[in-house]
Amino acid sequence: MFAELNRAFVADQRTTPGPRRHALAVAAADRLLADLGMKYRTLPCHFRVDAPTHAELASATRLLADAQDKVLAHLCATRSAEELVAMFDVPPDMAQHLDWPTLPASGLRMLRADIVPGADGYWFCELNHFSGVGAGEGHHSARTYAEILGRPVAGVSPFRGLALQYVAECRRAGLTRVVVLDTTEHRRQEFGEHLMLQRYVRLLAPDIELAYHTELTYPERWLKPDEAARTLIHRLFTFQDTTDRGEFLVAVRDSGATVACMFEAELKMHRRWLALLCDPAHRHLLTGQEAAAVDRYVPHTAVLTPEGLDAAVGDKDRLVFKRSYSYGGEGVLLGDRHPPEQLRELLTRDATTWIAQRRIPAPPLDLPLTDGSTAPFHLVLGMYLYGDETAGLLVRGTAASAVVNLSRGGGMSWAFTE
């Protein structure tokens with residue numbers, strides 16, 4: 001398992017070639033992230049994963065993404081827009097912008113699958129479909145750390161796969177400009193400008209014009225039909241990061257620009273999705289390989305209903321509860337951290353959909369701290385999928401909480417294949 005594979009490997013990085021070089025390597029990796037505009041920092045180490053495991057998780061990511069596409073197509077064919085709005089708790093302001101007829105085939109494929117390295121295997125806990133899904137910079141900071149340490153590694157940046165997809169789309173559709181589009185609200189959170197993506201696009205296609213803008217700096221003339229027709233938009237922000245209820249992005253799309261993914265993609269990030277994949281009613285939609293991937297890699301997940309509340313609270317110590325739409329580690333309750341009545345009150349406080357998911361026992365891994373001591377860190381891995389190109393594994397970790405998210409402290413790194 002991941003922790004056992006890396007325990008001695010990580011510990012050795014502090015002692016060979018020595019604490020001084022280790023400190024230099026950590027500082028260099030942090031400096032790279034700061035140069036990229038990231039407020040987050042590196043974990044003070046890098047990790048390894050064996051090639052068969054990496055290939056196995058890459059294959060599982062593709063199979064689960066294919067399975068999700070099939071279930072989504074089925075839901076769109078059998079349910080009305082109103083039913084889908086209710087099923088996925090779509091905010092009214094967002095619902096009015098969704099193109100329901102084209103939903104099953106909307107946008108380019110771009111996602112990060114979050115994976116818990118458990119004591120009994122690897123388990124997929126979330127599927128994050130979004131052009132601006134974060135932390136790919138962890139590859140570059142970890143690679144810098146390894147090089148300064150004197151332990152060079154081999155690996156592929158997730159931004160390479162995304163850039164290849166964008167350049168291919170530009171060539172196919174005759175597009176000559178790529179805009180990294182942000183909002184002032186999202187920019188304030190210091191997630192950077194995806195500078196590494198811009199670098200890869202520039203290296204692959206120097207003739208393509210590159211720009212970064214927010215809703216306040218986007219040139220008005222680019223909204224005219226002739227300019228919009230040659231523009232591809234890479235969206236960095238979610239719907240909740242807009243201050244205009246998504247109106248500007250819709251105006252950009254309606255001008256004729258190609259948006260890599262509109263707000264339709266956010267429906268595919270709803271935490272209900274793993275429950276839909278686990279639902280026996282959808283089994284007939286999947287191939288044998290897809291069904292086997294669900295059985296092997298998805299912890300049992302179900303929508304919490306009033307009828308099932310008592311049983312879920314009674315089994316709370318083995319469950320994690322996730323609120324429908326939330327980001328940054330918010331809306332996640334570990335059942336064993338709450339007394340029964342407190343948990344019941346939290347789960348019934350409003351009409352929001354809650355998901356109950358089997359909690360995966362995951363052994364922590366001792367990682368070094370800046371003061372020279374160590375602490376047990378909880379880890380989550382990430383596999384990026386752009387089109388059919390995979391890149392992984394991102395490693396995020398924190399000693400502060402069993403709910404791992406960079407917004408709650410900790411840092412990021414990468415697991416390189418040997």
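None of the figures in this text is laboratory data; all of them are computed from the coordinates on show. As the structure is a prediction and not an experimental result, all values here were calculated from the model. Using ideal geometry, Cβ is built from the backbone for each residue, glycine included, and neighbour counts are taken over all protein chains shown.
Largest first and in whole Å, the equivalent-ellipsoid semi-axes of the chain read 32, 30, 20, each the square root of five times a Cα gyration tensor eigenvalue.
Pairs of Cα atoms in segment 292-418 fall into 10 Å distance bins, from 0 up to the last occupied one, in shares of 11, 34, 34, 17, 3, 0 percent.
From the C-alpha coordinates alone, can you work out the Kirkwood hydrodynamic radius of segment 12-137, in Å?
Numbers: mean 1/r = 0.0540 Å⁻¹.
When all Cα pairs of segment 12-137 are included, the Kirkwood radius is 18.5 Å.
A simple rule links phi to the HN-Hα coupling: the Karplus curve 6.51 cos²θ - 1.76 cosθ + 1.60 with θ = phi - 60°, which for segment 31-46 gives 5, 4, 5, 5, 5, 7, x, 9, 7, 7, 10, 7, 5, x, 5, 10 Hz, with x for Gly and Pro.
Could you grab the Rg to Rh ratio for segment 156-261? Cα atoms only, Kirkwood for Rh. My calculation of the ratio gives 0.95. Each of Ala27 and Glu83 was given a label point 7 Å from its Cα along the Cα-to-Cβ line. The distance between the two points is 6.2 nm.
In this label model, Thr16 and Arg151 are separated by 0.9 nm, measuring between points 7 Å along each Cα→Cβ vector.
Fewest neighbouring Cβ atoms within 10 Å first, the residues His300, His186, His129 line up as His300, His186, His129. Amide H to amide H distances under 5 Å link Arg41 with Met412, where only residues 5 or more positions off or on other chains count and H is placed in the peptide plane. Residues in segment 89-104 carry Karplus couplings, in order, of 6, 6, x, x, 5, 7, 4, 5, 9, 7, 9, 4, x, 9, 3, x Hz; the curve used is 6.51 cos²θ - 1.76 cosθ + 1.60 with θ = phi - 60°, and Gly or Pro positions show x. The amide H of Thr374, built 1.01 Å from its N in the peptide plane, has Leu369 as neighbours under 5 Å, considering only residues 5 or more places off or on other chains. Take the chain and mark each of the trypsin sites (Lys or Arg not before Pro) that is in a DSSP loop with at most 16 other Cβ atoms within 10 Å; the longest unmarked stretch, sites excluded, is 80-187.
So, with +1 on the Cβ of K and R and -1 on the Cβ of D and E, and no other charges, what is the size of the charge dipole of the chain about its Cα centre, to the nearest 20 debye? Could you put the intermediate results ahead of the total?
Working: 45 positive and 52 negative charges, 201 e Å.
Here the chain has a charge dipole of around 960 debye.
Length gain on complete extension for the stretch Thr287 to Ala173, per 0.36 nm per residue less the alpha carbon to alpha carbon distance?
Values: separation 114, 0.36 × 114 = 41.04 nm, distance 3.21 nm.
Stretched fully, the Thr287-Ala173 segment lengthens by 37.8 nm.
Just subtract the alpha-carbon distance of Glu247 and Glu190 from 0.36 nm times their residue separation and send over the number in nm, one decimal.
On the way: separation 57, 0.36 × 57 = 20.52 nm, distance 2.27 nm.
Difference between extended and current length: 18.3 nm.
Identify the residues of segment 341-367 with backbone N under 19 Å of a label point that sits 7 angstrom from the Cα of Ala402 along the Cα-to-Cβ direction, or state none. From segment 341-367, the list is 341-347, 355-367. Near Phe416, the amide H atoms lying under 5 Å from its own belong to Phe47, Arg48, Val49; only residues 5 or more places off or on other chains count, and H is placed 1.01 Å from N. Think of segment 51-144 as a dipole: +1 on every Lys or Arg Cβ, -1 on every Asp or Glu Cβ, centred on the Cα centre; then among Leu98, Thr61, Phe88, Thr61 lies furthest on the positive end.
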